[in-house]
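Below is one structure, written out as structure tokens, with a few remarks after it.
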Amino acid sequence: MSDLADLSVGGAAAGLRAGEFTAVELLEAVHRRAAVTEAELHAYLTIDRDGAARAAVAADSALRAADDPGPLLGIPVALKDNMVTRGVETTCSSKILSGYRPPYDGTAVSRLRAGGAVIFGKTNLDEFAMGSSTENSAYGPTRNPWDPERVPGGSSGGSAAAVAAGSAMIAYGSDTGGSIRQPAALCGIVGVKPTYGLVSRYGLIAFASSLDQIGPLTRTVEDAVAALEVVGGHDPADSTSYPGSFPDMRSGLEAGVSGLRIGVVAELNGAGIDPAVQAAVDETVAGLERAGATVVPVSLPSVAYALSAYYLIAPAECSANLARFDGVRYGLRRHGETVEEMMSTTRGEGFGPEVTRRILLGTYALSAGYYDAFYGQAQRVRTLIIQDFADAYEQADVLVSPTSPTTAFPLGARTEDPLSMYLSDVCTIPSNMSGDPAISVPVGVDENGLPVGFQIMAPALGEPVMMRVAAEVERQAGFTARARLATSEVG
Ligand code: GLN
């Protein structure tokens with residue numbers, strides 16, 4: 001390995017403990033990479049030079065003292081800019097939070113600090129995590145390191161681009177309808193949406209609280225396990241946090257898939273999926289069968305309505321959550337003659353068009369007279385989806401599909417047509433509606449050399465079997481292709 005920035009977490013951790021290099025040197029390698037790639041990619045909104053430098057020095061003294069807090073000690077990590085970081089600007093890519101420096105760390109962030117991780121910077125996203133391309137950022141889009149004319153996916157597009165390009169060793173994002181898995185797929189890396197409640201949402205700026213979940217974006221499945229172990233587990237500060245013990249995702253990684261039942265979801269494969277994407281997915285399923293798994297066709301009839309129901313539930317929750325940005329408590333404030341005028345001018349200027357559209361949609365869906373027809377109906381659909389998943393998991397241990405119907409699309413291709421953008425998430429939204437875990441693993445490339453992601457879904461707290469299958473998919477795919485921009489060479 002010629003460049004430290006390209007190491008896996010496991011590889012970097014081994015090198016640090018063997019004294020082959022220091023955490024400060026590892027951080028310098030990531031800085032060098034970012035210095036080259038950022039001009040083109042714009043994965044970061046903030047790079048915290050001082051904070052990262054201090055954390056790397058502290059990690060080196062912990063290593064010398066053999067005071068080992070775990071797998072992320074000394075590892076440079078990027079955080080989506082909707083995760084609050086004490087004293088470090090946190091904007092959600094919105095003008096309304098420009099200049100906002102939170103007075104506290106979210107739980108995932110404080111666990112990372114306690115684990116000795118080096119928090120390198122805050123990554124770009126679609127404003128308030130609403131979008132699938134990172135083009136809805138008030139601070140300009142992020143580009144895909146495989147092809148800078150294309151989007152990295154979204155909304156955690158900055159996190160995905162950074163990990164794929166080597167300007168972070170791992171990153172965290174949030175997934176409400178696919179925002180970790182879809183950009184991971186489009187950038188050729190691993191992305192995990194854990195079971196709802198497994199990672200605390202305390203300090204994650206809320207979009208749709210019943211769907212939001214923090215998770216990792218990494219280059220390998222094992223790195224994703226390490227990344228989850230550090231931030232996961234019960235947190236009394238989040239009332240929806242799962243109180244039981246954290247599942248063991250590690251011990252099955254080498255177990256293979258012999259005897260497991262792999263359910264191929266009829267509604268999420270075939271129709272509407274790019275042929276090259278479907279071909280890579282089919283080949284992966286065939287590989288799992290050769291490795292001893294049984295492939296079973298399964299049906300989730302209600303997922304046909306998942307996208308429509310999601311676009312009522314998510315905007316409804318967003319309209320309530322974003323009411324707090326009122327010009328009084330955080331960030332931007334514009335002048336008005338009355339309090340109401342101050343608030344409406346501030347919100348009118350502070351929110352971009354997609355966020356405004358969601359707030360209006362959600363307010364409408366929740367209004368008296370429409371509540372039952374829209375929001376109530378969507379909640380009933382959600383119940384049907386949960387029931388469909390429960391039935392399917394009687395027949396299969398995990399369910400599989402493409403992560404995204406297409407590979408990375410050109411910048412601008414879907415910005416004029418919100419529905420075409422929303423369709424990017426047809427395969428990922430169902431697991432958010434059910435609260436179940438899902439992972440995207442890169443399995444191949446299309447005719448343009450762009451990566452394809454394979455999605456593995458599991459029942460609630462089924463991370464152990466999900467990771468077990470993911471590790472086998474990773475071994476079979478042998479996906480070693482790297483993004484074109486993952487280089488420290490200038491020019
Ligand atoms: N693209 C979906 C949306 O715009 C999902 C976003 C997300 O998961 N945060 O709502």
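Given R0 = 41 Å, the distance between the Cβ atoms of A304 and S239 translates into a calculated FRET efficiency of 0.80.
Across region 204-215, coupling constants 3J(HN,Hα) worked out from phi with the 6.51/-1.76/1.60 Karplus curve, θ = phi - 60°, read 9, 5, 6, 10, 10, 4, 7, 10, 4, 8, 7, x Hz, and Gly and Pro carry x.
Toward the positive end of the charge dipole of region 358-431, with +1 on the Cβ of Lys and Arg and -1 on the Cβ of Asp and Glu, the farthest Cα among G369, P430, S404 is that of G369. Sorting 177-189, 472-484 by average packing, meaning the other beta carbons within 10 Å per residue, from highest down gives 177-189, 472-484.
In region 193-262 the Cα-Cα distances spread across 5 Å bins starting at 0 as 3, 15, 23, 21, 17, 12, 5, 3, 0 percent of all pairs.
The string of couplings for region 128-145 from the Karplus curve (6.51, -1.76, 1.60, θ = phi - 60°) is 6, 6, 9, x, 10, 9, 6, 7, 7, 8, 5, 10, x, x, 9, 10, 8, x Hz, one whole number per residue in order, with x for Gly and Pro.
Peptides 20-26, 230-236 ranked from most to least packed give 230-236, 20-26, packing being the mean of other C-beta atoms within 10 angstrom over each peptide's residues. By accessible area, using a 1.4 Å probe on protein heavy atoms only, the chain has 54% of its surface on carbon and sulfur.
Shape summary: region 285-412 maps onto an equivalent ellipsoid whose semi-axes, from the alpha-carbon gyration tensor, are 42, 20, 11 Å in decreasing order.
Summing Cβ point charges (Lys, Arg +1; Asp, Glu -1) relative to the Cα centre of region 93-142 gives a dipole of roughly 260 debye. Largest first, the three principal axis extents of the alpha carbons in region 89-167 are 38, 30, 16 Å in whole numbers. Seen from N448, the other residues with C-beta closer than 13 Å to its C-beta sum to a net charge of -3, counting Lys and Arg as +1 and Asp and Glu as -1. Each of I119, S155, P141 was scored by the projection of its Cα onto the charge dipole of region 66-156, and the greatest displacement toward the positive side belongs to I119; charges sit on the C-beta of Lys, Arg, Asp and Glu.
On full extension, the segment bounded by R329 and Y364 gains 10.1 nm, given 0.36 nm per residue less the C-alpha separation. Considering all C-alpha pairs of region 210-368, those separated by over 22 Å amount to 68%. The reciprocal of the average 1/r between distinct C-alpha atoms defines the Kirkwood hydrodynamic radius, which for region 361-491 equals 17.5 Å. The residues of the chain present an accessible area of 36 Å² per residue when probed at 1.4 Å with all protein chains retained. DSSP beta bridges confined to the chain are antiparallel in about 65 percent of cases.
Once the mean of 1/r is taken over each pair of separate Cα atoms and inverted, the chain shows a Kirkwood hydrodynamic radius of 22.2 Å.
The values are calculated or read from the model by the stated rules, or taken from the named source; none is laboratory data. Bear in mind that the values here come from a model prediction, so they are computed numbers and not experimental data. For neighbour counting, all protein chains shown are included, and Cβ atoms are generated from backbone atoms with ideal geometry for every residue, glycine included. Accessible surface is based on the protein model in full, side chains and every heavy atom, while ligands, DNA and RNA are left aside. Shrake-Rupley method; radii C 1.70, N 1.55, O 1.52, S 1.80 Å.
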